[in-house]
Amino acid sequence: MDTALHEDSPYALVVDDDWLIRTDAMGILEDAGFRTFEAADPEAALAILIEHHAKIVLLFTEELSGISCRGGRLNIRLPWPG
């Protein structure tokens, strides 16, 4: 299977305070054809999402203070399209 990243490849945002987990998750997602952004904390994730929300189709995160897979601060403050 050709997993080369193309200009139209989808984006994922990986949020984790552990560098090794972030790096591994990004590698797996890139092997699956995603382009990735990374953030080590909720504030950095929020800044990336605000700037690039139209490109990001997947959010990979653990539950951190201020961010969770059930929503939390990120999905409340985002100017999500639609």
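The values are calculated or read from the model by the stated rules, or taken from the named source; none is laboratory data. Fair warning: this is a prediction, and the values are worked out from it, not measured in the lab. Positions of Cβ are generated from backbone atoms using ideal geometry, with glycine treated the same way; all protein chains shown enter the neighbour counts.
Numbers at a glance
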| quantity | calculated |
| --- | --- |
| Within segment 22-66, considering residues that are of a type in the set (Gly, Ala, Ser) and in a helix (DSSP H, G or I), the one surrounded by the most Cβ atoms within 10 Å (Cβ to Cβ) | Ala45 |
| Conditions (1) of a type outside the set (Phe, Trp, Tyr); (2) surrounded by 15 or more Cβ atoms within 10 Å (Cβ to Cβ); (3) at pLDDT 95 or above: number failed by Asp16 | (3) |
